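S.K.: Once you've had a glance at the structure underneath, I'll fire off some questions.
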């Protein structure tokens with residue numbers, strides 16, 4: 001079926017309008033949940049103790065809860081899998097409490113259990129939270145500078161808006177479902193930003209190349225140029241995202257508990273990263289660039 005712009009292929013620009021509505025709805029939900037419930041910070045960003053125990057035999061959750069109830073370690077959350085227990089204490093355990101937990105667990109529940117205990121105090125938690133925010137801001141500023149030098153400012157602005165959309169969508173989903181946010185989550189967001197800008201640059205580079213030889217008379221011609229540029233890079237985008245999604249999916253299914261949320265953030269971010277490069281970044285650039293065109297006549301554009 002031919003599109004309204006005379007193109008036999010799928011019209012990405014036209015499809016971006018309803019998809020953008022979906023993004024806005026998720027973003028608004030994220031803002032509401034962030035304002036009401038905030039993020040579920042792990043001990044990396046708040047004081048507390050995480051205890052990861054590798055067990056050699058199956059232990060049910062009720063047994064572990066009874067064991068913890070017999071020791072006054074304070075408020076906690078417990079996750080039990082077939083070969084691993086993850087305990088998160090709200091308060092930081094003292095060295096004596098950590099040693100007692102280890103000794104009693106081995107003597108009462110599993111003689112072959114191995115422990116990984118991490119304690120974060122309030123000062124370290126605040127410092128890590130500050131450093132994480134600084135790292136994300138530096139990454140975004142660097143991308144703005146890079147895109148501005150390599151392309152025109154409209155490309156840079158469209159790319160940054162798309163990147164902000166990707167990061168915020170992941171943060172929104174973690175807030176809505178109250179998934180734990182820790183340092184691996186920040187690493188996942190930074191990885192997603194890097195992946196997304198790479199995918200966006202590929203499409204923008206093809207748009208810029210096609211602009212050099214285009215003879216544009218109407219805004220519809222510019223729409224067709226953007227659609228053609230996306231089609232020319234689509235196979236590369238799909239192959240890349242599928243490859244990385246497969247790797248992230250394997251980490252999520254077969255990886256340890258400590259990297260599961262990292263893998264989940266990667267899966268969500270990679271999907272929306274590929275989506276935003278096609279349906280948000282390019283149409284946004286088109287919207288800004290198209291304002292220079294009249295509805296009927298335009299001078300030929302020879303470059304970005």
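The values are calculated or read from the model by the stated rules, or taken from the named source; none is laboratory data. Keep in mind that what you see is a predicted model, and the values were worked out from it rather than measured. Every residue, glycine as well, gets a Cβ built from its backbone with ideal geometry; the counts of neighbours run over all protein chains shown.
S.K.: Being within 19 Å of the chain's Cα centre (by Cα) and surrounded by fewer than 13 Cβ atoms within 10 Å (Cβ to Cβ) is the filter; apply it to the stretch 248-262 and report the residue that is nearest to residue 273 (Cα to Cα).
M.R.: Per the criteria, the residue is 250.
S.K.: Can you name the number of the only condition in (1) within 17 Å of the chain's Cα centre (by Cα); (2) surrounded by fewer than 17 Cβ atoms within 10 Å (Cβ to Cβ) that residue 287 fails?
M.R.: For residue 287, the failing item is (1).
S.K.: Right, next: Taking residue 143, is it within 18 Å of the chain's Cα centre (by Cα), touching a residue at least 24 places away in the same chain (Cβ under 8 Å), assigned to a helix (DSSP H, G or I) and within 24 Å of residue 25 (Cα to Cα)?
M.R.: Taking the combined requirement at face value, the residue does not satisfy it.
S.K.: Got a number for residues in the stretch 246-286 being closer than 15 Å to residue 179 by Cβ and in contact with a helix residue (DSSP H, G or I) (Cβ under 8 Å, 6 or more places away or on another chain)?
M.R.: 13
S.K.: Taking residue 164 and the conditions (1) over 21 Å from residue 136 (Cα atoms); (2) surrounded by fewer than 17 Cβ atoms within 10 Å (Cβ to Cβ); (3) modelled with pLDDT under 90, which numbered condition does it fall short on, given that it satisfies the others?
M.R.: For residue 164, the exception is condition (1).
S.K.: Please work out if residue 214 is in contact (Cβ under 8 Å) with a residue 24 or more places away in the chain and not in a helix (DSSP H, G or I).
M.R.: So residue 214 passes the test.
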